[in-house]
Every structure is written in structure tokens, then in C-alpha cells.
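What follows is calculated from the coordinates using simple rules that are stated; it is not laboratory data. If you're wondering where the values come from, they're calculated on a predicted model, not measured in any experiment. Don't worry about glycine lacking a Cβ; one is built from the backbone with ideal geometry, like all the others, and counts go over all protein chains shown.
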Amino acid sequence: MGAIADIRDVTLKKQMESLMIRVDKLTSLGVLSAGIAHEIRNPLAGMKACCQVLARKITQGKQQVLIAGILNEIDRLNTIVTDLVTFSGSTPHYPGPADIGGILEKTLGLLKDTIKKAGIEVIQPHTGEGPPAFADREQVQQIFLNIILNAVNAMPDGGKLTISLKTVPEDRLKRKKGKGESPQAKGSTQNGLEITFTDTGSGIKKKDLDLVFNPFFTTSPKGSGLGLSIVHKLVENNKGVIFITSTHGQGTRVTLILPAADPAALRRNMTKPDKRTS
């Protein structure tokens, strides 16, 4: 008599199962959010028009302050509705070769003062030159902005943000057959590009990890709860995947994987004008 032990690492399989459940749930929420955003935006426009008329007629200082406060709150609500439309709507998508390292440097440059003021040290270990991603450059920059700002908000007393970039096997990007496949992925053996953002901030409680991509879920009193929802939407647009792991009180790691551009896609793109400038 004997025994056979079959031990397999099913981490990736479980991650992908969780990802597909999350995508289906957020798709349903997106449809609902689109309807809500439309119904809210019309009354807001009417309220703002009425307040602007009142502002022109009122001359007393205290009343002008009150009207200005109402207008500011209406603008704030409109910003939230705009973010909701971005999350739920069809965002214009112009994929092409994207220099991830260059986009990271540009994003960090935009946030240089914010990061310095928060007392955060950015660490970028040398990972060598990697291939460009096949993605929309502007959407990738928006993804990076939201992720880095979340990390900054999680470290109000300062800390470290480590950003690394490396290539990973293409099976990290596999989805259910026929769903979410990159345009150049059919028959391709290209790798993916993995970008990780690791902070030493407050972390996320275990019970909240499954909720972080839900619209309006936030643990910050100043946040709208739409930042990561928009990130997830834009990652999906670019045929990528995103995972978050965290330990409460110790920090958070956001792992983003985007498809790499293959040489054939690069050559084809060289002959096509950018639709944003044509």
C-alpha cells in the first residue's frame, strides 16, 4: 500500500476566479451608476442656474457668502457625478505602444510637491529596460495618479513608496476564453508588464479588501470612494488585471499587470496616426 500526494499552487487560479467575480459585479454596478448619474446631473444643472441668478441679484455680503457656498457644493457634487460617469460610461480608448517607465516618471513629476510635502520617500529599484505596454497612455497615467495618491493619503505621517517594474509570463493575463482578450494576444506569446506600488501606510482591514473597488466605498473622510473604481474600469479597458494585498497597520501592495506590445503591433502602430491629434 502507498499514498500519492498531489500538491498544486492554485494561487493564480483563485486570483483569476476572484477577478472575474469582481468584473461581473462592477459591470452591473456600472449600469446602475450610469442611470443614477444621468438623473442627478439634470437637477444639479437647474439648481446651479437658479443660484447663479440669485447671486447676481443679491448684494448683501453674508447672503453672497451663502450663495457661494451653495455653488461650491453643487460643483463638488458635479465632480462626483462626472467621476461616476467615467466609471460607468464608455471611455474613449486609443491603445498603442506605451513607455511605462516614462509615464511613471511623468506622473511622479506631477505629484512631486504633494509627495515631498507628505514626507514620503519614493524608491524605484533598478529593473532594467522592459518592452512597452500595449495600452492607452493617458489612461495609464490616470491609473498611476490615482494609485499613488491613494498611497500618499495612507501615509499622512510620511513613509516609503516602492515602485517596481518587471516582465511576467503571459499566463498572469489570461482570462476566460473569449473574454477580455488583448487585440494582439491571439496566437501571441508576449509577456505582460507588472507594475507594483508598495507603501508603508495604514493598510486595509481584511474585511474591507473585497470592497475597495466598489463605488463610494472609502475609509477616508475626504474621499469620494470612486478613485479605485475608476482605476479598475481603466485597467479593464486596457485588457489588464489589478490585485491588492494589504496588512492592516503595515501597508498595501497594488499589483497592476498590462499586456506588452509585440513587435508586429509596434510596426503597425508606426503607420497609424494618433486619433487624438488627427
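For LEU149 and GLN60, what is the calculated FRET efficiency with R₀ set at 51 Å and r taken between the beta-carbons, to the nearest 0.05? In this case the efficiency is close to 0.80. Segment THR247..LYS14, full-extension length gain: 82.0 nm, with 0.36 nm per residue of separation and the alpha-carbon distance subtracted. Which entries in LYS14/LYS239; LYS106/LYS160; LYS205/LYS239 show an alpha-carbon gap greater than 24 Å? Checking Cα-Cα distances, LYS205/LYS239 exceed 24 Å. FRET efficiency for the pair LYS48 and LEU211, taken as 1/(1 + (r/R0)^6) with r the Cβ-Cβ distance and R0 = 30 Å, rounds to 0.40.
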